Amino acid sequence: MTSDTAEQAITVEHLQKSYHDRRVLSDVSFDVVEGEIFGLLGPNGAGKTTIVECIGGLRRRGGGSISVFGRDPADDDPELRDVLGIQLQESALPDKLTVGEALTLYASFYPDPQSPDVVMERLGLGPQRDTGFAKLSGGQKQRLSVALALIGRPRVAILDELTTGLDPQARREVWSMLEELRADGVTLLLVSHFMEEAQRLCDRVAIIDGGRVVALDSPGALAAGVDTLHRLSFRPTRPLDPAVLQQLPGVGDVYTSDDRITVTGPDAMFEEVFVSLRACGVGAQRVRVESADLEDAFVELINREEQP
Ligand SMILES: Nc1ncnc2c1ncn2[C@@H]1O[C@H](COP(=O)(O)OP(=O)(O)OP(=O)(O)O)[C@@H](O)[C@H]1O
């Protein structure tokens, strides 16, 4: 967690980037405080990878400024390489290079690396120590790319869709590992499409859409922003035409799945729904009520952006 005395790990101000005259980042600003897990969320093509590649010094920005612990990634400063670990969506290594060799090689680039054995163990790659890169499964390649990003004991690690392609158990193991890293004071910048991941891990998230930051806050605060939205679901005791509920004041969506009906809307809709059910002579069984979460906030923010 962050403390009052923590310094800025990453500062991005008015970042702009175009590819062949097409503007993909128009004006992106945010900062990541030392020791926090910061998430970048957004739909496909929003510009998240471009942002992290500019921060990692892998892409030249078109405008604005970036600082990583006071260093500009555009300067190709060798000290930056020692403090920053980056795992990208698709990393390719020579087919025959084994997991053990790759980690030993990468460890040799850094002044104070972690032991390849420890990292292999932590990421469950021990059994693949002597397996060549081409023979690893998609999830094993993913674990290896995370291991390579962390081997140099970075102060800040950028992880782009690190759990995509991992099975649920491996995903949870990686989450625990990230929580341990945070406890060790490592700053983490995650790009993710998994709202559950962001909600569980991130201290703050920026939602990116169309090359801009459309919201930035803690997952809880973003969810609270759409907290007027609730989801009521129940099993009707008799068949019910969903259109009856759809026309009630305040009701947003009504959908049926298996034998359940789900209705979304503000607090005030509950009474309307139950009065209407009673009027139709329909009872409600196994009633569930859920409040908005980060995913609801994400969908609402992106929809809002898409409206003319
Ligand atoms: N090398 C490139 N040349 C031209 N256009 C590119 C290049 N890389 C990315 N783009 C475009 O820039 C935009 C932003 O891409 P980017 O990969 O940063 O998005 P993203 O938010 O990471 O997407 P995703 O969630 O799908 O990974 C997209 O429209 C993409 O097509």
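The values are calculated or read from the model by the stated rules, or taken from the named source; none is laboratory data. What you see is a predicted model; the values in this text were computed from it and never measured. Cβ atoms come from the backbone with ideal geometry, glycine included; neighbour counts cover every protein chain shown.
Exactly one residue among GLU53, GLU34 is within 23 Å of THR163 (Cβ to Cβ), out of contact with any helix residue (DSSP H, G or I) (no Cβ under 6 Å at 6 or more places or on another chain) and not hydroxyl-bearing (Ser, Thr, Tyr), and that residue is GLU53.
Look at the range 112-130: where a residue is within 21 Å of TRP175 (Cβ to Cβ) and a partner is surrounded by fewer than 20 Cβ atoms within 10 Å (Cβ to Cβ) and of a type in the set (Asp, Glu), sitting 6+ places away or on another chain with Cβ atoms under 9 Å, you get ARG122/GLU173; ARG122/GLU180; LEU123/GLU173; GLY124/GLU173; GLY126/ASP117.
Mind listing whichever residues of the range 69-80 are farther than 18 Å from GLY35 by Cα and in contact (Cβ under 8 Å) with a residue 40 or more places away in the chain? None - no residue of the range 69-80 is farther than 18 Å from GLY35 by Cα and in contact (Cβ under 8 Å) with a residue 40 or more places away in the chain, so the list stays empty.
Within the range 142-178, being more than 27 Å from ASP82 (Cβ to Cβ), in contact with a Gly (Cβ under 8 Å, 6 or more places away or on another chain) and either outside any helix (DSSP H, G or I) or within 16 Å of the ligand (Cβ to nearest atom) (or both) holds for GLY165, LEU166, ASP167. For GLU53, state whether it is buried (at least 17 other Cβ atoms within 10 Å of the Cβ), closer than 17 Å to LEU190 by Cα and more than 10 Å from the ligand (Cβ to nearest atom). For GLU53, the condition - buried (at least 17 other Cβ atoms within 10 Å of the Cβ), closer than 17 Å to LEU190 by Cα and more than 10 Å from the ligand (Cβ to nearest atom) - is not met. Only residues that are within 12 Å of the ligand (Cβ to nearest atom) and either at positive phi or within 16 Å of the chain's Cα centre (by Cα) (or both) were counted across the range 26-46, and they come to 7.
Looking only at the range 56-76, residues that are surrounded by fewer than 16 Cβ atoms within 10 Å (Cβ to Cβ) and out of contact with any helix residue (DSSP H, G or I) (no Cβ under 7 Å at 6 or more places or on another chain) come to 9 in all. The single condition among (1) at pLDDT 85 or above; (2) in contact with a helix residue (DSSP H, G or I) (Cβ under 8 Å, 6 or more places away or on another chain); (3) part of a helix (DSSP H, G or I) that GLY139 does not meet is (1).
Would a scan of the range 124-138 turn up a residue that is of a type in the set (Val, Ile, Thr) and touching a strand residue (DSSP E or B) at 6+ places or on another chain (Cβ under 7 Å)? Yes. The one condition from (1) of a type outside the set (D, E, K, R); (2) touching an Asp or Glu at 6+ places or on another chain (Cβ under 7 Å); (3) at pLDDT 95 or above; (4) within 15 Å of the ligand (Cβ to nearest atom) that ILE10 does not meet is (4).
For (1) more than 16 Å from the chain's Cα centre (by Cα); (2) without any contact (Cβ under 8 Å) to a residue 40 or more places away in the chain, each residue gets a yes or a no:
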{"site": "ALA149", "(1), (2)": "yes, no"}
{"site": "ASP167", "(1), (2)": "yes, yes"}
{"site": "SER176", "(1), (2)": "no, yes"}
{"site": "GLU179", "(1), (2)": "no, yes"}
{"site": "ASP184", "(1), (2)": "yes, yes"}
{"site": "THR187", "(1), (2)": "no, no"}
